[in-house]
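A.B. asks: Okay, here's the structure, questions in a sec.
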Amino acid sequence: MIRTLQPYEDVVGPIVISQLRQFARDLAGARVVHVNSTRVGGGVAEILAWLIPLMRDLGIDASWEVIEGNEPFFHVTKSFHNGLQGVAAPLTNRMIETYEQTVAANAERLRSTLEDADFVFIHDPQPARLLELCPNRKGKWIWRCHIDASHPYRKIWKYLQGKVQGYDASIFSMPEFAQPLPHPQFLIAPSIDPLSEKNCPISAHEIASTLQRYEIPDDRPLLTQVSRFDRFKDPIGVIEAFKLLSEVIDAQLLLAGGGATDDPEGAAVLEEVEDAAQGDPRIQILLLPGDAHRTINALQRASTLVLQKSLQEGFGLTVTEAMWKGKPVIGGNVGGIRLQVHNYHTGFLVNTPEGAALRMRELLRRPELIKRMGDTARGFVKDNFLLTRHLREYLTLMLALRRGMADHLFAA
Ligand code: UDP
């Protein structure tokens with residue numbers, strides 16, 4: 001993995017890197033701790049894996065902590081996740097007890113690190129309660145919500161709001177996700193690392209041998225969705241769309257994904273997906289280990305089109321990854337996908353399997369449109385969704401909080 005900023009000059013140019021160093025000067029030596037709930041799987045882990053080394057390269061003393069929990073704990077936090085995304089998910093007293101006890105046990109392990117830090121970024125609801133367990137905190141605490149929280153289920157939001165309102169600031173990916181909270185809210189979109197194994201350039205030979213390894217023929221269009229097996233990613237809707245498409249066009253569908261250690265529902269969803277595919281030889285379901293970054297890179301590049309037909313989506317890094325590889329994306333018309341997919345420019349937004357089938361057909365019949373939209377998609381990611389922009393926004397946020405901008409603005 002790349003651990004310094006210098007090689008990114010080749011992608012974004014020297015001024016962008018020089019500006020990052022300029023902003024970071026005032027933060028030299030600051031102790032910054034990020035906390036989330038899994039080291040592998042899902043977009044948050046992807047981002048933290050590049051963010052920590054690059055913050056360190058900028059002279060910031062950044063570290064990454066992961067809260068530990070057992071299966072019942074992750075069932076509760078999955079309920080939080082689903083509830084924030086609007087599902088009437090369960091929340092019993094027993095579940096609250098499981099959650100609170102597990103976070104308390106983590107607080108014992110992490111308290112001194114967190115209380116001494118200058119900035120603590122708590123990612124998503126799983127570790128949110130840590131704040132109230134660190135009464136002697138010195139630094140600024142920021143709650144970073146990666147989830148589409150635009151219409152949270154009231155009961156779950158009421159509980160979580162009590163845990164996050166004491167933070168100094170929160171970050172959401174889109175204005176629609178922001179919630180009534182008594183502190184400044186920042187809008188920062190996620191990003192990808194263009195030099196990571198997942199996104200770096202790879203040879204045509206490697207792409208071809210990846211296809212061979214998984215016995216994916218290269219003689220017909222390949223439509224791919226890479227995702228955790230999660231109902232919000234709508235893999236069943238993708239299969240429905242593909243079945244409609246294949247009545248008129250001979251193509252193949254690849255659903256590639258794995259699980260995240262903090263997502264206990266994956267196995268059940270995978271079973272539903274296998275049932276829906278009904279052994280159709282044109283549909284391949286690929287279960288990948290958490291470190292299959294180069295494989296995913298090759299599969300995205302080998303694809304004719306990429307789908308991300310989510311029903312709810314905080315951002316959708318898989319969309320960014322595909323666009324960076326010059327692929328138009330057919331994405332669900334929800335959440336952060338709307339920031340990235342713009343109809344007829346970088347892909348198509350769809351609401352139903354029928355809509356997805358129609359757009360796939362339209363694109364597959366017009367290869368020149370695939371090329372043009374793919375080129376636009378790559379340029380759009382370069383300008384908006386690479387890690388250098390993301391890092392700059394984290395730096396300016398920390399500078400703003402340190403300089404008391406929040407106190408000043410919100411004193412009244
Ligand atoms: N991913 C992966 N292996 C998988 C499925 C997904 O490495 O089997 C990666 C994917 O490439 C992307 C991230 O996990 O970088 C998923 O982020 P996204 O924002 O799309 O969805 P999330 O899982 O966070 O809801």
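The values are calculated or read from the model by the stated rules, or taken from the named source; none is laboratory data. These figures come from a predicted structure and were not determined experimentally. Positions of Cβ are generated from backbone atoms using ideal geometry, with glycine treated the same way; all protein chains shown enter the neighbour counts.
A.B. asks: Just for the stretch 225-269: of the residues that are within 11 Å of the ligand (Cβ to nearest atom) and outside any loop (DSSP other than H, G, I, E, B), which one is farthest from Tyr214 (Cα to Cα)? First the steps, then the outcome.
C.D. replies: Here is the first cut: in the stretch 225-269, the residues within 11 Å of the ligand (Cβ to nearest atom) are 225-230, 232-233, 255-260, 262-263, 266.
Add one more test, that the residue is outside any loop (DSSP other than H, G, I, E, B), and what stays is 225-226, 232-233, 255-257, 266.
On the way: Gln225: 15, Val226: 15, Phe232: 26, Lys233: 23, Leu255: 12, Ala256: 11, Gly257: 14, Gly266: 21 Å.
Ranking the qualifying residues of the stretch 225-269, first place goes to Phe232.
A.B. asks: Inspect all residues belonging to the stretch 271-282 and state whether any of them is touching a residue at least 24 places away in the same chain (Cβ under 8 Å), closer than 28 Å to Pro125 by Cβ and more than 19 Å from the chain's Cα centre (by Cα).
C.D. replies: Yes: the stretch 271-282 contains one or more residues that are touching a residue at least 24 places away in the same chain (Cβ under 8 Å), closer than 28 Å to Pro125 by Cβ and more than 19 Å from the chain's Cα centre (by Cα).
A.B. asks: Checking Thr320 against (1) away from the ligand (no atom under 16 Å from the Cβ); (2) at pLDDT 95 or above, only one condition comes out false. Which one?
C.D. replies: Condition not satisfied by Thr320: (1).
A.B. asks: Test Glu132 against the criterion of being without any contact (Cβ under 8 Å) to a residue 40 or more places away in the chain, under 27 Å from the mean Cα position of the chain (by Cα) and assigned to a helix (DSSP H, G or I), and give yes or no.
C.D. replies: The answer is yes for Glu132.
A.B. asks: Considering only the stretch 298-308, I want to know if a residue exists there that is among the polar types (S, T, N, Q), in contact (Cβ under 8 Å) with a residue 24 or more places away in the chain and within 11 Å of the ligand (Cβ to nearest atom).
C.D. replies: Initial filter on the stretch 298-308 (among the polar types (S, T, N, Q)): 300, 303-304, 308.
If we keep only those that are in contact (Cβ under 8 Å) with a residue 24 or more places away in the chain too, we end up with 300, 303-304, 308.
Next cut, within 11 Å of the ligand (Cβ to nearest atom) only: 300, 308.
Yes: the stretch 298-308 contains one or more residues that are among the polar types (S, T, N, Q), in contact (Cβ under 8 Å) with a residue 24 or more places away in the chain and within 11 Å of the ligand (Cβ to nearest atom).
Conditions tested, residue by residue: (1) surrounded by fewer than 17 Cβ atoms within 10 Å (Cβ to Cβ); (2) farther than 23 Å from Phe172 by Cβ; (3) in contact with a Gly (Cβ under 6 Å, 6 or more places away or on another chain).
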| site | (1), (2), (3) |
| --- | --- |
| His342 | yes, no, no |
| Thr346 | no, no, no |
| Pro353 | no, yes, yes |
| Gly374 | no, yes, yes |
| Phe380 | no, no, no |
| Thr388 | no, no, no |
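A.B. asks: Working only within the stretch 175-224, note down all residues that are touching a Lys or Arg at 6+ places or on another chain (Cβ under 7 Å) and either more than 26 Å from Arg389 (Cβ to Cβ) or of a type in the set (S, T, N, Q) (or both).
C.D. replies: Matches in the stretch 175-224: Ser191, Ile207.
A.B. asks: Next question. Quick check on my filter: what residues within the stretch 274-319 are among the charged types (D, E, K, R), in a loop (DSSP other than H, G, I, E, B) and in contact with a Gly (Cβ under 9 Å, 6 or more places away or on another chain)?
C.D. replies: Matches in the stretch 274-319: Lys309, Glu313.
A.B. asks: In addition: Of all residues in the stretch 27-38, which are more than 13 Å from the chain's Cα centre (by Cα) and within 16 Å of the ligand (Cβ to nearest atom)?
C.D. replies: His34, Ser37, listed by residue number.
A.B. asks: Which residues, counting only those in the stretch 285-314, are buried (at least 20 other Cβ atoms within 10 Å of the Cβ) and within 15 Å of Lys233 (Cα to Cα)?
C.D. replies: Once the filter is applied, which keeps residues that are buried (at least 20 other Cβ atoms within 10 Å of the Cβ) and within 15 Å of Lys233 (Cα to Cα), the stretch 285-314 yields Val306, Leu307, Gln308, Lys309, Ser310, Gln312, Glu313, Gly314.
A.B. asks: For the stretch 7-31, which residues satisfy the criterion of being free of Cβ contacts under 8 Å to residues at least 12 places away in the same chain and farther than 14 Å from Arg392 by Cβ?
C.D. replies: Glu9, Asp10, Pro14
A.B. asks: Out of Arg294, Arg231, report the one residue that is modelled with pLDDT under 95, within 27 Å of Trp324 (Cα to Cα) and among the basic types (Lys, Arg).
C.D. replies: Arg231
A.B. asks: All but one of (1) in a helix (DSSP H, G or I); (2) modelled with pLDDT of 95 or more hold for His345; state the number of the condition that does not hold.
C.D. replies: (1) is the only condition that His345 fails.
A.B. asks: Now for a different question. Being in contact with a helix residue (DSSP H, G or I) (Cβ under 7 Å, 6 or more places away or on another chain), of a type in the set (Ser, Thr, Tyr) and farther than 25 Å from Ser310 by Cα narrows it down to one of Thr92, Thr38, Thr102, so name that one.
C.D. replies: Thr102
A.B. asks: Further, regarding this structure: Can you pull out every residue in the stretch 135-149 that is hydrophobic (A, V, I, L, M, F, W, C) and outside any strand (DSSP E or B)? Step through it out loud before you land on a result.
C.D. replies: Filtering the stretch 135-149 down to residues hydrophobic (A, V, I, L, M, F, W, C) leaves 141-143, 145, 147, 149.
Hits for the stretch 135-149 are Cys145, Ile147, Ala149.
A.B. asks: Oh, and also: Taking the stated definitions as given, is Leu399 farther than 24 Å from Lys243 by Cα, surrounded by fewer than 20 Cβ atoms within 10 Å (Cβ to Cβ), at pLDDT below 95 and not polar (S, T, N, Q)?
C.D. replies: The answer is no for Leu399.
Listed here are the residues, each with its yes/no results for (1) aromatic (Phe, Trp, Tyr); (2) more than 16 Å from the ligand (Cβ to nearest atom).
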| site | (1), (2) |
| --- | --- |
| Pro152 | no, yes |
| Lys155 | no, yes |
| Pro175 | no, yes |
| Pro180 | no, yes |
| Ile192 | no, no |
| Ser196 | no, no |
| Leu211 | no, yes |
| Tyr214 | yes, no |
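A.B. asks: Being more than 17 Å from Leu358 (Cα to Cα) and surrounded by fewer than 20 Cβ atoms within 10 Å (Cβ to Cβ) is the filter here; which residues of the stretch 221-253 pass it?
C.D. replies: Selection gives Arg231 alone.
A.B. asks: Among all residue pairs at least 6 apart or on different chains, which show Cβ distances below 9 Å where the first residue, located in the stretch 177-195, is within 17 Å of Ala45 (Cα to Cα) and the second is of a type in the set (Lys, Arg) and in a strand (DSSP E or B)?
C.D. replies: Filtered contacts from the stretch 177-195: Ile188/Arg144.
A.B. asks: Kindly evaluate Thr346 against the criterion of being of a type in the set (Ser, Thr, Tyr), out of contact with any strand residue (DSSP E or B) (no Cβ under 9 Å at 6 or more places or on another chain) and within 18 Å of Leu223 (Cβ to Cβ).
C.D. replies: So Thr346 does not fit the description; no.
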